[in-house]
Amino acid sequence: MSQSSSGRHSVTSPPNRNSNRRIAFVQSCWHRDIVDQARIAFLKKFQKVGLVRHDMDCFEVPGAFEIPLQAKLLAKSGRYAAIVAAGFVVDGGIYRHEFVAASVIDALMSVQLESEIPIISVVLTPQRFHEHEDHLQFFRRHFIKKGEEAALACAATIENLGKIRLARG
């Protein structure tokens, strides 16, 4: 990974992996038309840094609340170099969606620290979301951007962890 004059990092080589090290992409099905954009953008961007489609396994769960358990089971399997989690937590008017989002993110962080498998989060919680076309289009575009950013973060994290593990011996 190199740093450009703008201070941004860019991946210059594909992630260090072997045939048993894959990427898991876990996404919630709530607002699938929006969340799918992150997965599609992630895959396109990650292919540019060396991943091929058959190196990524996709998993779907009903909602964001189910993502951490799936991520934990995938991390425990030892098959994955990284796990990407994508979901869209919106105010449904029944409960405080901020609590759900915080619970999901906290749980993902715990899984990451316990397993030492990086978890890249694209679990987003807008302050305001209304199901009219302007908001739908805005969040579809936003998830494309976040999917691309997640791919770069995933590749850089795998590369960095590979260097640390190599140095440990």
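The values are calculated or read from the model by the stated rules, or taken from the named source; none is laboratory data. Remember, predicted model here, so these are calculated numbers, not experimental data. A quick note on method: Cβ atoms are made from the backbone with ideal geometry, for glycine too, and the neighbour counts reach across all protein chains shown. For accessibility, only protein heavy atoms count, side chains too; no ligands or nucleic acids. Shrake-Rupley method; radii C 1.70, N 1.55, O 1.52, S 1.80 Å.
Among the residues of the range 134-150, are any assigned to a helix (DSSP H, G or I), open to solvent by less than 40 Å² (accessible area, probe 1.4 Å) and at pLDDT 95 or above?
yes
Can you find a residue that is more than 16 Å from the chain's Cα centre (by Cα), open to solvent by 50 Å² or more (accessible area, probe 1.4 Å) and modelled with pLDDT under 95 anywhere in the range 107-126? Looking through the range 107-126, none of the residues is more than 16 Å from the chain's Cα centre (by Cα), open to solvent by 50 Å² or more (accessible area, probe 1.4 Å) and modelled with pLDDT under 95.
Could you say whether any residue in the range 78-93 is modelled with pLDDT of 90 or more and out of contact with any strand residue (DSSP E or B) (no Cβ under 8 Å at 6 or more places or on another chain)? Checked against the condition, which is being modelled with pLDDT of 90 or more and out of contact with any strand residue (DSSP E or B) (no Cβ under 8 Å at 6 or more places or on another chain), the range 78-93 yields at least one hit. For the range 151-169, a tally of residues being open to solvent by 80 Å² or more (accessible area, probe 1.4 Å) and either under 26 Å from Val123 (Cβ atoms) or assigned to a helix (DSSP H, G or I) (or both) returns 6.
For the subset of the range 1-54 comprising residues that are modelled with pLDDT under 65 and surrounded by 20 or more Cβ atoms within 10 Å (Cβ to Cβ), which member is nearest to Asp134 (Cα to Cα)? The qualifying residue nearest to Asp134 (Cα to Cα) is Val11. For first residues located in the range 144-160 and touching a residue at least 40 places away in the same chain (Cβ under 8 Å) and basic (Lys, Arg), partners that are assigned to a helix (DSSP H, G or I) and surrounded by 20 or more Cβ atoms within 10 Å (Cβ to Cβ) and lie 6+ apart or on another chain with Cβ distances below 6 Å form the pairs Lys146/Ala38.
Which members of the range 55-79 meet the condition of being open to solvent by 80 Å² or more (accessible area, probe 1.4 Å) and among the aliphatic types (A, V, I, L, M)?
Hits for the range 55-79 are Leu69, Leu73.
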